[in-house]
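Take a look at the structure set out below.
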């Protein structure tokens, strides 16, 4: 009987050892497949020492912004994917390489770059101190809503420069969009995300029912559908004078001209809601000569529209 018990115990321990080995192999395989650590934000030393980044991150952690808890963004040194393609993540290496080509001059002046992932572990773009390079959402859900790049849909970096699909967004020291410039707009509708538009009015101190979530770069000129491209605008303004200017820019593009588009967003004090806009588009012929130069100064203060430019 004792021999039978000993044999049973030996078989039991053998099974445990085999199960343990299988678990270890599975863990090693999982690590090899992922190659980067999603559970350790700010593993990059330079970024973690940046006071500006830490303060911004603190705001993101404290605020559940646009119904998403952004305490789960992850930052990983891009060398994880550039060396040996990150154990099977060649598409990430290719995406990062494509984004880096857009910032050749800045890259020489900036520190190392990190890759950004959201809480769905989706690649969002690359970041270096105050520069973000990313693609806005393009794909759509079954209901026709644009699937957003969530890193462009959260609190914006203060004094930052976002390069998004060939559009330059500049933020002030409070993270508000202060200037947008596109050197050559694209005549194509990107689509919308109604939820994102709705929350833009609420979270940027707009007036629900009186304000629209206005596109900075128009939707018909391939403007992103994330918060980086939305601000509260008076309905009459968004659907009136600004839309008229946008239609003129789109018409120039249809005529075959190169069209640049620029917006300066004006604020009072620390308000999130703009008090005015200075919009301009230029169209150029094949020789680079300016054919059209159309500007508008638009009052966005509540109440009847004023003719004079609002104060900065």
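The values are calculated or read from the model by the stated rules, or taken from the named source; none is laboratory data. Small disclaimer: the values here were computed from a predicted structure and weren't measured. Every residue, glycine as well, gets a Cβ built from its backbone with ideal geometry; the counts of neighbours run over all protein chains shown.
Under 22 Å from residue 272 (Cα atoms) and assigned to a helix (DSSP H, G or I): is that true of residue 231 in this structure? Criteria not met by residue 231. The set of residues in the stretch 179-211 that are touching a residue at least 40 places away in the same chain (Cβ under 8 Å), surrounded by fewer than 19 Cβ atoms within 10 Å (Cβ to Cβ) and in a strand (DSSP E or B) comprises 179, 181. Out of 114, 103, 164, one residue alone is in contact (Cβ under 8 Å) with a residue 24 or more places away in the chain and out of contact with any helix residue (DSSP H, G or I) (no Cβ under 8 Å at 6 or more places or on another chain). It is 103.
Of all residues in the stretch 261-280, which are over 22 Å from the mean Cα position of the chain (by Cα), crowded, with 17+ Cβ neighbours inside 10 Å and either within 16 Å of residue 303 (Cβ to Cβ) or modelled with pLDDT under 95 (or both)? Passing the criteria: 275, 276. When the residues of the stretch 161-173 are filtered to those that are in a loop (DSSP other than H, G, I, E, B) and under 19 Å from residue 102 (Cβ atoms), the one that is modelled with the highest pLDDT is 165. Just to be sure I understand, how many residues within the stretch 212-228 are within 10 Å of residue 197 (Cα to Cα) and outside any strand (DSSP E or B)? Count: 3. Of the residues contained in the stretch 213-236, one or more are found to be surrounded by fewer than 20 Cβ atoms within 10 Å (Cβ to Cβ) and over 21 Å from residue 162 (Cα atoms). Within the stretch 122-134, the set of residues being on the phi < 0 side of the Ramachandran plot and in contact (Cβ under 8 Å) with a residue 40 or more places away in the chain comprises 124, 126, 127, 130.
Answer yes or no: is there a residue in the stretch 143-160 that is over 24 Å from residue 119 (Cβ atoms), in a strand (DSSP E or B) and in contact (Cβ under 8 Å) with a residue 24 or more places away in the chain. The answer is no; no qualifying residue exists. From the list 147, 126, 131, the one residue that fits, being within 18 Å of residue 75 (Cα to Cα) and surrounded by fewer than 22 Cβ atoms within 10 Å (Cβ to Cβ), is 131.
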